[in-house]
Amino acid sequence: YPVLNQMLYLFYRNYLSLILEKVDFASMSNSLEVRVPLLDDEMVDLATSTPFNLKIRGRGKYPLKIVAERLFDREFAFRPKRGFSFDFSRMFLRPDIDAYLSNNLQIPGVDEFLDVDSVRVVAELNKHSLNQGKKLCGALAFTEWFRNWGGARG
């Protein structure tokens, strides 16, 4: 597998550093916190010197999981990925957020791009079943964008 290791090395040294720099610049200029991979010169050297069959064993990050298993336990090290999520549905039960969405739906011109009546139906459904948060969040994000950038400018 020496050719694959050489390809990874070129990827680390050229493409990845460029991408990380761009992500770093874009995230800082927008006040965002982003996850940065475990990556520095020593990590790249270790990764390129690790036998390729260890890198592709299992479902990824095998060497890192072996280290984690030594520090913690097997259950922790090899548990499945878990995403971060937020229940937006409950947020739209707050009277102030509900009113804010309702006001945004009345912005002149929004109804040309968004089916306002359908959004109101979804908001009402959310009050009973609490499973419409992502849709409402999308509608609110659109109306906020429209308020700031989409409407007619004088």
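Taken together, the values in this text are just the output of simple stated rules run on the coordinates, not laboratory data. Since this is a predicted model, take the numbers as computed values, not measurements. Virtual Cβ from ideal backbone geometry, glycine too; neighbours counted across all protein chains shown.
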Whichever lysines have a C-alpha closer than 30 Å to that of residue 55, once near sequence neighbours (fewer than 8 apart) are set aside: 22, 65, 81
Computed E for residue 148/residue 79 - FRET, C-beta separation, R0 30 angstrom, nearest 0.05: 0.15
Cβ crowding within 10 Å averaged over residues, with 115-128, 14-27 ranked highest first: 115-128, 14-27
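Using helices alone, what [θ] at 222 nm do you get for the chain, with -39,500 (n - 2.57) per DSSP H run of 4 or more residues, divided over all residues and rounded to the nearest 500?
Details: 10 runs with 90 residues, N = 154.
Computed ellipticity for the chain at 222 nm equals -16500 deg cm²/dmol.
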Debye-sum result for the chain in log10 I(q)/I(0), which assumes one identical scatterer on each alpha carbon, at q = 0.10, 0.18 Å⁻¹: -0.67, -1.06
Kirkwood hydrodynamic radius (C-alpha pairs) into Stokes-Einstein, the range 1-58, 20 °C and 1.002 mPa s, D in µm²/s: 167 µm²/s
Charged-residue dipole, Cβ positions (Lys, Arg, Asp, Glu), the chain about Cα centre, Debye nearest 20: 640 debye
Partner aspartates and glutamates for residue 134 [C-alpha distance under 13 Å; skip if fewer than 8 residues away on the same chain]: 87
